[in-house]
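This report refers to the structure that appears directly beneath it.
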Amino acid sequence: MATKLLASALRQTLNKKTTSSSLHRCLSTAAALTTAPPSQNDEAMTIKGLKISARPLYLDMQATSPVDPRVLDAMLPYYLARYGNPHSRTHLYGWESDQAVETARSQIADLIGASPKEIVFTSGATESNNISVKGVMKFYKEKKRHVVTTQTEHKCVLDSCRHLQQEGFEVTYLPVGNDGIVDLEKLRGSIRPDTGLVSVMAVNNEIGVIQPMEEIGKICREFNVPFHTDAAQALGKIPVDVDRWNVSLMSLSGHKIYGPKGVGALYMRRRPRIRVEAQMNGGGQERGIRSGTVPTPLVVGMGAACELAKKEMGYDEERIRGLQERLLNGVRAKLDGVVVNGSVERRYAGNLNLSFAYVEGESLLMGLKDVAVSSGSACTSASLEPSYVLRALGVDEDMAHTSIRFGIGRFTTEEEIDRAVELTVQQVDKLREMSPLYEMVKEGIDIKQIQWSQH
């Protein structure tokens, strides 16, 4: 229905000379998720200095996910016909948009076991994290001056904590084990009488490890300290229950669960009530916590994505786990020196972070131009420092530089996994053939015992 509505609107504005085939290409929306659009010519395109013959396989689901076609269908009417401002109280357009926003609020709350009244819409998980960390501490600043978090949190949490430090607050950055899991006894020992917040990410965006949320929640309840979690990578992928986890605040994102970009949500517990200082001033929307017009189409999309996630989470998890095993077994069957970063047992199956010994990570990424993946090392920075997450795990610097994150999702196929395995093995073999270190290892030389001289 929504797609027909879009077609009708476009036909009225397009030039009469537009052919039916070009119109079809214009209207090709979410159906193009798993298939590349037809190429206008057979010539390779050049982007950022790289010649690319075709669209690469997409295995970067932790960065963002494609919009589910059913989500797009739910959104389109609120772009084309039901475009009212949800805060307009005097006419039908505002009423129907407001009703759609409240329906989406209920869909999100239902996925995490919360009340719709506890959901605040934001622009994304980054804003939700900023409101949580800064907002809580600034509201309780007279009595609470200390935050506890981990060294492997998302950058927006770490930077929010550094911002608080510049204003005189104290922050404890807890280390994690080699598996990426926080030590619960160290967490317990770090809580002080003036601790105002504990913030621990549920599922790590880089290595996919799942923290012991229920145990952390129990410790926070024991000390009566608010518990915040960045659950952007957990929502719709693992079971989330705000009461079992005992979280006071939870940051959520739309585009990580096959919803649109530019929308997120913040769960804020009502009993016992958690208070924050607003980080944005304006019309007082969202109970004054996040002023600004709520984007109805985006919110509807996030709500639809959450409803689909609740229905299909079990099926998705089983299928993605099978694809992850297919990828890992396929690579390990043909390559040695392959290490999984982070806990193997406590991890989300769709995130597989691998290090390839004796291979330079940036070179491997450049060689894998036909597979869209991310590197654990900061390959775009001038310093080329390895990932701070992998460093926190105690991964050797040379191995941290060789990490690749494979992200598997709802629309990933077995054929794509097999092709990714083939291309990865080819590129690693090619780079190792040029590596004198790998040749020395094959000859039985322990390169860690070599004392290199400087010239």
Members of the range 407-432 found to be part of a loop (DSSP other than H, G, I, E, B), of a type outside the set (A, V, I, L, M, F, W, C) and open to solvent by less than 40 Å² (accessible area, probe 1.4 Å), listed by number: 409, 410, 412
Residue check, residue 104 within 30 Å of residue 349 (Cβ to Cβ) and open to solvent by 10 Å² or more (accessible area, probe 1.4 Å): no
Residue within the range 238-250 that is in contact with a Cys (Cβ under 8 Å, 6 or more places away or on another chain), touching a residue at least 24 places away in the same chain (Cβ under 8 Å) and of a type in the set (Phe, Trp, Tyr) present: no
Qualifying positions in the range 57-87 - in a loop (DSSP other than H, G, I, E, B) and either open to solvent by 50 Å² or more (accessible area, probe 1.4 Å) or in contact with a helix residue (DSSP H, G or I) (Cβ under 7 Å, 6 or more places away or on another chain) (or both): 59, 67, 68, 76, 81, 82, 83, 84, 85, 86, 87
Total residues in the range 334-369, condition more than 27 Å from residue 53 (Cβ to Cβ) and open to solvent by 50 Å² or more (accessible area, probe 1.4 Å): 6
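Per-residue answers, yes or no, for (1) β-branched (Val, Ile, Thr); (2) assigned by TED's automatic domain parsing to the domain that holds residue 268; (3) surrounded by 23 or more Cβ atoms within 10 Å (Cβ to Cβ):
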| position | (1), (2), (3) |
| --- | --- |
| 140 | no, yes, no |
| 152 | yes, yes, yes |
| 159 | no, yes, no |
| 190 | no, yes, no |
| 202 | no, yes, yes |
| 212 | no, yes, no |
| 215 | no, yes, no |
| 222 | no, yes, no |
| 228 | no, yes, yes |
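Just a yes or no: is a residue in the range 335-354 among the acidic types (Asp, Glu), part of a helix (DSSP H, G or I) and within 19 Å of residue 429 (Cα to Cα)? Spell out the reasoning first.
As a first pass, look at the range 335-354 and keep what is among the acidic types (Asp, Glu): 336, 345.
Add one more test, that the residue is part of a helix (DSSP H, G or I), and what stays is none.
No; the residues of the range 335-354 include none that is among the acidic types (Asp, Glu), part of a helix (DSSP H, G or I) and within 19 Å of residue 429 (Cα to Cα).
Would you say residue 392 is at pLDDT 85 or above, under 22 Å from the mean Cα position of the chain (by Cα) and within 23 Å of residue 150 (Cα to Cα)? Steps first, please.
Values: at pLDDT 85 or above: yes; under 22 Å from the mean Cα position of the chain (by Cα): yes; within 23 Å of residue 150 (Cα to Cα): yes.
Yes; evaluated as a whole, the condition is true for this residue.
Please pick out the residue among 254, 303, 259, 314 that is under 27 Å from residue 163 (Cβ atoms) and either surrounded by fewer than 23 Cβ atoms within 10 Å (Cβ to Cβ) or in contact (Cβ under 8 Å) with a residue 40 or more places away in the chain (or both). Give the steps one after another, and end with the answer.
Details: 303 fails: under 27 Å from residue 163 (Cβ atoms); 259 fails: under 27 Å from residue 163 (Cβ atoms); 314 fails: under 27 Å from residue 163 (Cβ atoms).
That would be 254, the only listed residue that is under 27 Å from residue 163 (Cβ atoms) and either surrounded by fewer than 23 Cβ atoms within 10 Å (Cβ to Cβ) or in contact (Cβ under 8 Å) with a residue 40 or more places away in the chain (or both).
The values are calculated or read from the model by the stated rules, or taken from the named source; none is laboratory data. Please read all numbers here as calculations on a predicted model, not as lab measurements. Note that we place each Cβ from the backbone using ideal geometry, even for glycine, and neighbour counts take in every protein chain shown. Note: accessible area is taken over every heavy atom of the protein model, side chains too, but ligands, DNA and RNA are not part of it. Shrake-Rupley method; radii C 1.70, N 1.55, O 1.52, S 1.80 Å.
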